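All of the numbers you see were taken from the coordinates with simple rules; none came from a lab. Given the structure is predicted, the values throughout are model-derived calculations rather than measurements. Here the Cβ positions follow ideal geometry from the backbone for every residue, glycine too, while neighbour counts run over all protein chains shown.
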């Protein structure tokens, strides 16, 4: 393709070539009307010459031009249907591609990769909500701006060619085969889950430093993708947590139905994980990281280690030893000589040895007790036979009872044994009333209603136990104590994690509000349903319900509702038409009645971005991106230039 440097395409003067790909060449240009630098992506002639490709370009450009997100490249303009060249004009980014950073090696610790993917997932979530699918996600299509902000580029460009058109005569696939979802390779329609798969490949590569499905040639790579054949990332990255490994594995599922249904779910999963480690404001963290990667890596590792140590101690206190071990393993992977982690690990091992000893001792004790009981039973049988041989036929009940019990040890004072009741019993059955006789009621032993002493005896009615009638481990009920007095059950409180997006204070039921507005709150509540009120300086109070289960992790995801923002437009001429979303009014009217801009519930951050379009006949229209703070008034000022 002949270079366009020095030429004009419409009102854009081409200054220099920035790069070239299988579908287009990217130039740095100057918008001569607005006097600003732009990027101009010009399609190759074999695409620009096809009417269908031009129609797709216009369709995709219109869709992407409606996307307004801090992490998505702004689309300013695109070519008309009858233009000689087919092109798209976007904002110009000073910086380098994400691939340039990833080529330096894996992001260490892996949480840095999670931050990058979180920002890309947030951008994709915005696109998916608008019905736009990227279809060609790869590190080359992500720019890292000089100030550390990520910008996702080339939405919908891959759709300009069908899958058949991407295959050349040599069998090489035009595009990014190593980043393609299985359904795209098979020629099926790509949905949000295809983007989730591709971003999962980027996630794996950022953590490990290599692609999951890499192979010597394109055909082998495509086969590995279709087979779902890749190595577990934890084998290459010891510091990788099970949670991040699971998130990546869900993205890389062969079956689209088993992946996250869209990028929003992936964004939320990563946000919850990062918030638990203290990285609530991911965008700000990445700005610090890209400004000074070595220093930030060191600081991030220290923060992660401190949080994991605190978490492991809490898990040990809650008797969740397996989770505590997982946290300590991650700490030692990050800091192999951490004394605090080694001491906790040693304590767990010691506790496990003691538990093993006790278990063995219990088995030995049970065996000894069983042998003793067998010996005691045999002694009782022999003693009973001897007593029966020496007792006269008209023996009284006390004599019969005494014959069935072991004799009082010689060391025991006789005064401690209550005198036996000498009332004779019928001969039909010892301890059972005969016909026409009556028997006084037997009071129950304490704690067991209707219980009797061994041998069919019950305590005496005066509160003194009969001979040998005391039940081991049970005393008699004190006089006047109510047998049916209910005991109030003790309800154990359970640990509960409440994750608030983006962050806020919480109040559970009628309790005291949390001291600080956080993204993760750890509380203890009883099982059952509870109300949670979310509040903060920037949001309206929201009441949600949680259902705490006796078993399970009890992690709840709640969302704050930002307050509405008021936006006024002070522009010249005063009669200029202002559009914000689907609302229209003049600039003059907006000063009297500001636009009320509401953020969606549970945004990634409280700063809300809107696009303001100002136009008037005879003037060059303007399009501004405005950042709003919830509950605060904002005034956009400016003036339109005459045509």
Quiz item: Given the Cα-Cα distance of residue 313 and residue 44 and 0.36 nm per residue of separation, how much length would full extension add, in nm?
Solution: 90.8 nm
Exercise. Work out the FRET efficiency for residue 104 and residue 223 from their Cβ-Cβ distance, taking R0 = 41 Å, and round it to the nearest 0.05.
Key: 0.90
Quiz item: What is the range 294-352's relative contact order, in percent, from Cα pairs under 8 angstrom and six or more apart in sequence?
Solution: 30 percent
Quiz item: Between the range 299-333 and the range 590-621, how many Å separate their Cα centres?
Solution: 45 Å
Exercise. Grab the Cα-Cα distance for residue 540 and residue 613, subtract it from 0.36 nm times how many residues apart they are, and report the gain in nm with one decimal.
Key: 23.4 nm
Quiz item: Spin-label point model (7 Å from Cα, Cβ direction): what's the residue 235 to residue 632 distance in nm?
Solution: 5.1 nm
Quiz item: Can you give the relative contact order of the range 94-291 as a percent, counting alpha carbon pairs under 8 Å and 6+ residues apart?
Solution: 29 percent
Quiz item: Suppose R0 equals 35 Å; then what is the FRET efficiency for residue 55 and residue 583 from their Cβ-Cβ distance, rounded to the nearest 0.05?
Solution: 0.70
Quiz item: Each label point is 7 Å from the Cα along the Cα-to-Cβ direction; what then is the distance between the points at residue 639 and residue 529, in nm?
Solution: 6.2 nm
Quiz prompt | Antiparallel %, DSSP beta bridges [both residues in the range 564-642], to 5 | solution = 75 percent
Exercise. Arrange 272, 195 by Cβ neighbour counts within 10 Å, fewest through most, would you?
Key: 272, 195
Quiz item: Calculated FRET efficiency, residue 80 and residue 509, Cβ-Cβ r, R0 56 Å, to nearest 0.05?
Solution: 0.35
Quiz item: Fewest to most neighbouring Cβ within 10 Å: what's the order for 595, 155, 556?
Solution: 556, 595, 155
Practice problem: List the relative contact order of the range 564-642 as a percent without decimals, with contacts defined as Cα pairs under 8 Å and 6+ residues apart. | Solution: 40 percent
Quiz item: residue 265 to residue 62: extension gain in nm, 0.36 nm per residue of separation minus the Cα-Cα distance?
Solution: 70.5 nm
Quiz item: How far is it, in nm, from the label point at residue 284 to the one at residue 343 when both lie 7 Å from their Cα along the line to the Cβ?
Solution: 3.3 nm
Self-check item: Cα pair distances in the range 207-305, grouped into 5 Å bins until the bin that holds the longest one, percent each
Solution: 2, 11, 16, 19, 21, 14, 9, 7, 1
Practice problem: Using the number of other C-beta atoms within 10 angstrom as an exposure proxy, rank 266, 636, 57 with the fewest first. | Solution: 636, 57, 266
Quiz item: Taking the Cα atoms of the range 94-291, what is the range of coordinates along each of the three principal axes, in descending order and whole Å?
Solution: 50, 36, 32
